[in-house]
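The values are calculated or read from the model by the stated rules, or taken from the named source; none is laboratory data. What you see is a predicted model, and the numbers here were worked out from it, not measured in a lab. Every residue, glycine among them, receives a Cβ derived from its backbone with ideal geometry; neighbour counts consider all protein chains shown.
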Amino acid sequence: MTKMTDAQQRLPLDVEPFTEREKWIIARLREFYTIDREIRKTETHARGDDLPYEPSVTAASPRDDNPVVLRILRQDVLPQTVKDIVSSVQSYVSPKEFQYAAMYRVVRQLSDVKTATEEHERHIQKVLELLKERMGDQEEYLELTEIERLAIKREAYIQAARERLPILLKRRRIIDETLDDLKKYYPEWWAILWYKYVLGKTEKETMEKAARDGVPLTPQEYRTSRRDALRQFYKWAVGLC
């Protein structure tokens with residue numbers, strides 16, 4: 001029996017299994033060391049600053065410029081009947097309005113116009129039918145410029161940061177208050193959680209920091225107190241997410 005105890009004393013103290021709840025608490029405590037930095041970074045992203053997706057303007061046209069649409073809008077080499085249709089379309093949609101022309105943009109604008117004459121209405125409907133045929137399924141024609149793609153990614157990043165920020169702030173507040181309470185009422189338990197998990201010290205260093213009357217904890221005392229500390233932390237950290 002004594003030999004078994006000696007062998008156990010030499011084993012790393014963290015080899016004993018933790019419950020899922022204990023693992024979750026330990027993960028939150030380890031994150032707490034850098035949570036202020038994480039909050040600052042998230043606040044910056046929530047403002048739309050310093051994002052990994054930053055649009056840039058270049059002389060090159062986006063990949064979704066559509067030469068067919070450009071030609072229709074510019075009336076390049078078209079027979080007279082088609083020119084009449086284009087003339088009707090251009091009464092409501094000017095090529096100057098499209099820095100970048102893609103089918104879905106033209107369709108979207110033409111679908112909203114209120115025509116002045118029946119002839120204009122017929123011409124526009126013909127163009128819409130033609131363009132919708134060429135677009136195919138909706139998923140195939142909702143192409144975006146590179147800047148639009150970046151804008152969507154930026155918005156998603158900003159939204160995610162705004163949703164994460166209150167979680168981080170709440171997490172910091174609850175952990176900070178719980179650790180303060182432990183330090184006040186159970187300083188030995190606080191020392192174990194603070195030095196082992198927040199600061200990442202070794203078991204030996206932690207047992208020395210949590211010393212009782214100047215005497216470092218034994219491995220068994222350390223295990224028992226650590227379990228109690230994790231249990232008490234969970235009990236007091238109400239609302240921790």
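The set of residues from segment 179-224 being in contact with a Phe, Trp or Tyr (Cβ under 6 Å, 6 or more places away or on another chain) and within 20 Å of T19 (Cα to Cα) comprises just one member, V198.
The number of residues in segment 189-208 that are surrounded by fewer than 19 Cβ atoms within 10 Å (Cβ to Cβ) and more than 38 Å from the chain's Cα centre (by Cα) comes to 2.
Selection over segment 25-79 of residues that are assigned to a helix (DSSP H, G or I), of a type outside the set (A, V, I, L, M) and either at pLDDT below 90 or under 15 Å from A161 (Cβ atoms) (or both) gives a count of 11. Look through segment 213-241, keep the residues that are surrounded by 12 or more Cβ atoms within 10 Å (Cβ to Cβ) and basic (K, R), and return whichever of them is farthest from the chain's Cα centre (by Cα). The extreme case among them is R223. Close Cβ contacts (under 6 Å, 6 or more residues apart or on different chains) running from residues in segment 168-194 that are closer than 20 Å to S225 by Cα to residues that are of a type outside the set (D, E) and not in a helix (DSSP H, G or I) comprise T178/A237; E188/A210; A191/A210; I192/A210.
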